[in-house]
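Below is one structure, written out as structure tokens; the observations come after it.
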Amino acid sequence: MTRVLLTAFEPYDRWPENSSWMALIELTRWYDGSAELVTRRYPVELTEMSQKLRADLQENYDLAIHLGQSPGSTLIKLEAIGLNIRSDGTELLANSPAAYRSALPLDESQKTLVDAGIPCEVSHHAGTYLCNAALYLSQHYASTFGMKTKSVFVHLPLAPSQAAKDSGKLASMSTQMVSAALALMIEKLRSS
């Protein structure tokens with residue numbers, strides 16, 4: 001059985017909810033696919049998130065799918081590359097590779113979602129904040145410790161309830177659609 005570490009972030013700044021956690025919870029309510037899902041909610045703080053991620057990855061999962069919200073995004077973004085950089089321009093980890101590219105077939109996953117009517121694209125830059133750090137560190141730990149875990153970071157639009165509370169001017173995607181997209185991705189990646 002394919003074991004999947006599925007992570008999301010807690011609320012932060014002006015967001016009392018996080019669409020990544022909302023989607024993860026929704027998925028676990030109904031998912032009955034063939035993968036074993038292990039879920040985690042991480043703090044929005046680099047050191048603590050990094051420590052928790054490193055500890056979780058010691059279980060040597062087949063897949064690690066990290067989720068985060070992207071206010072303003074109109075679609076799901078499958079992030080292909082994690083960079084060894086923080087938002088202040090310094091390295092996440094000294095004496096480590098500049099970047100890691102996801103070894104997962106993201107183009108195939110993107111096509112699967114688009115064919116199902118779910119807006120999605122492959123993105124090649126996860127930013128320089130915690131989303132990028134989660135992707136980079138996940139791949140770095142797997143490489144450093146010889147783990148089989150393959151990782152991807154998935155940026156999600158806000159949920160409609162979040163957009164409505166924030167003046168309603170930001171794009172959103174229903175939590176049900178996002179959770180369906182995640183299930184489709186898991187099944188696609190599991191069989192790859």
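Which of the residues that make up segment 137-167 are within 25 Å of residue 12 (Cα to Cα), in contact with a helix residue (DSSP H, G or I) (Cβ under 9 Å, 6 or more places away or on another chain) and open to solvent by 40 Å² or more (accessible area, probe 1.4 Å)?
Those that are within 25 Å of residue 12 (Cα to Cα), in contact with a helix residue (DSSP H, G or I) (Cβ under 9 Å, 6 or more places away or on another chain) and open to solvent by 40 Å² or more (accessible area, probe 1.4 Å): 160, 161.
Residue-wise test of (1) in contact with a helix residue (DSSP H, G or I) (Cβ under 7 Å, 6 or more places away or on another chain); (2) among the β-branched types (Val, Ile, Thr); (3) within 24 Å of residue 170 (Cβ to Cβ); (4) open to solvent by 60 Å² or more (accessible area, probe 1.4 Å).
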site	(1), (2), (3), (4)
14	no, no, yes, yes
26	yes, no, yes, no
37	yes, no, no, no
41	yes, no, yes, yes
50	yes, no, no, no
58	no, no, no, yes
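Residues in segment 6-19: is at least one outside any helix (DSSP H, G or I), touching a Gly at 6+ places or on another chain (Cβ under 7 Å) and of a type in the set (Phe, Trp, Tyr)?
Yes: one or more hits.
What residue, of 23, 35, is over 23 Å from residue 147 (Cβ atoms), in contact (Cβ under 8 Å) with a residue 12 or more places away in the chain and touching a Ser or Thr at 6+ places or on another chain (Cβ under 7 Å)?
Of 23, 35, the one residue that is over 23 Å from residue 147 (Cβ atoms), in contact (Cβ under 8 Å) with a residue 12 or more places away in the chain and touching a Ser or Thr at 6+ places or on another chain (Cβ under 7 Å) is 23.
What is the residue count in segment 71-85 for residues that are of a type outside the set (Val, Ile, Thr), assigned to a loop (DSSP other than H, G, I, E, B) and touching a Ser or Thr at 6+ places or on another chain (Cβ under 6 Å)?
Within segment 71-85, residues that are of a type outside the set (Val, Ile, Thr), assigned to a loop (DSSP other than H, G, I, E, B) and touching a Ser or Thr at 6+ places or on another chain (Cβ under 6 Å) number 2.
When residue 107 is evaluated against the numbered criteria (1) of a type outside the set (A, V, I, L, M); (2) surrounded by 15 or more Cβ atoms within 10 Å (Cβ to Cβ); (3) over 14 Å from the mean Cα position of the chain (by Cα); (4) not in a loop (DSSP other than H, G, I, E, B), which criterion, by number, is the only one it fails?
(2)
The values are calculated or read from the model by the stated rules, or taken from the named source; none is laboratory data. All figures in this text were calculated on a predicted structure; none of them were measured in a lab. All Cβ positions, even for glycine, are placed from backbone atoms using ideal geometry, and neighbour counts span all protein chains on display. Accessible surface is based on the protein model in full, side chains and every heavy atom, while ligands, DNA and RNA are left aside. Shrake-Rupley method; radii C 1.70, N 1.55, O 1.52, S 1.80 Å.
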